[in-house]
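Taking it in order: structure first as structure tokens, then the write-up.
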Amino acid sequence: MGLLLGAGAMFGIGCTAAALMPNYVLFGIVLVAIGVSTQTFTTSTNSLVQLTTEPAMRGRVIAILLAIALGGTPLGAPVVGWVADRFGPRWALGVGAASGFGAALVGLVYLMRYRQLRFYREGWRLRYSIEDPRPVTATVIPDSVTTVQRSEPDEAEEDTASSV
């Protein structure tokens with residue numbers, strides 16, 4: 001989830017930087033960063049959905065994800081086109097930047113509210129931690145050995161403490 005947050009923020013920063021670039025060479029260099037952040041966001045979203053969805057529901061959930069992703073284009077493209085026509089292409093990139101910052105903000109609010117995202121300082125470094133909201137349950141294995149496991153299968157384990 002933190003990777004999605006970072007990719008959304010990087011997309012917003014990249015679009016803002018692209019809108020402010022004074023020449024084509026620097027604009028092209030910034031477009032590489034926008035492409036990397038977009039690809040990271042798309043790949044991470046698909047991976048997160050596939051790893052956290054029950055196998056019986058996976059096809060339906062991916063269909064909804066694609067409908068939202070591809071169905072949003074006919075709604076957003078005319079608005080961005082109107083902004084580009086009326087105010088210029090730099091402002092159209094500003095609309096893209098706003099969408100990236102909006103996605104990052106929604107992700108940040110989600111992490112703070114439902115996953116207990118906390119920031120703290122460790123020396124000179126700013127760090128964060130995210131708690132796993134799934135309840136821990138005890139399960140009895142037939143040969144009388146008790147183990148502790150999560151209520152759902154674990155996805156790829158994320159570091160709970162990383163530098164920002």
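The values are calculated or read from the model by the stated rules, or taken from the named source; none is laboratory data. The structure presented is a predicted model; accordingly, all values stated were derived computationally and were not measured. All Cβ positions, glycine included, derive from the backbone under ideal geometry; neighbour counts span all protein chains shown.
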Item checked: Inter-residue pairs, beta-carbon under 8 Å, first under 19 Å from LEU3 (Cβ atoms) and in contact (Cβ under 8 Å) with a residue 40 or more places away in the chain and in the range 42-67, second assigned to a loop (DSSP other than H, G, I, E, B) and of a type in the set (Gly, Ala, Ser), 6+ apart -> LEU51/ALA156
Next item on the list: From the list GLY14, GLY28, GLY59, pick out the single residue that is in a helix (DSSP H, G or I) and touching a helix residue (DSSP H, G or I) at 6+ places or on another chain (Cβ under 8 Å).
Entry: GLY14
Next item on the list: Could you check THR16 against (1) surrounded by 15 or more Cβ atoms within 10 Å (Cβ to Cβ); (2) of a type in the set (Ser, Thr, Tyr); (3) within 29 Å of GLU131 (Cβ to Cβ) and say which number it fails?
Entry: (3)
Next item on the list: Determine which member of the set SER47, SER37 is in a helix (DSSP H, G or I), at pLDDT 90 or above and surrounded by fewer than 16 Cβ atoms within 10 Å (Cβ to Cβ).
Entry: SER47
Next item on the list: Can you give me the number of residues within the range 67-91 that are surrounded by fewer than 10 Cβ atoms within 10 Å (Cβ to Cβ) and at positive phi?
Entry: 0
Next item on the list: Output yes when any residue across the range 35-49 is out of contact with any strand residue (DSSP E or B) (no Cβ under 6 Å at 6 or more places or on another chain) and over 23 Å from LEU111 (Cβ atoms), and no when none is.
Entry: yes
Note to self: Testing ALA103 on (1) part of a helix (DSSP H, G or I); (2) at pLDDT 90 or above; (3) hydrophobic (A, V, I, L, M, F, W, C), one condition comes back false. Which one is that?
What the structure shows: (2)
Item checked: The one condition in (1) modelled with pLDDT of 90 or more; (2) touching an Asp or Glu at 6+ places or on another chain (Cβ under 8 Å) that ILE13 fails to fulfil -> (2)
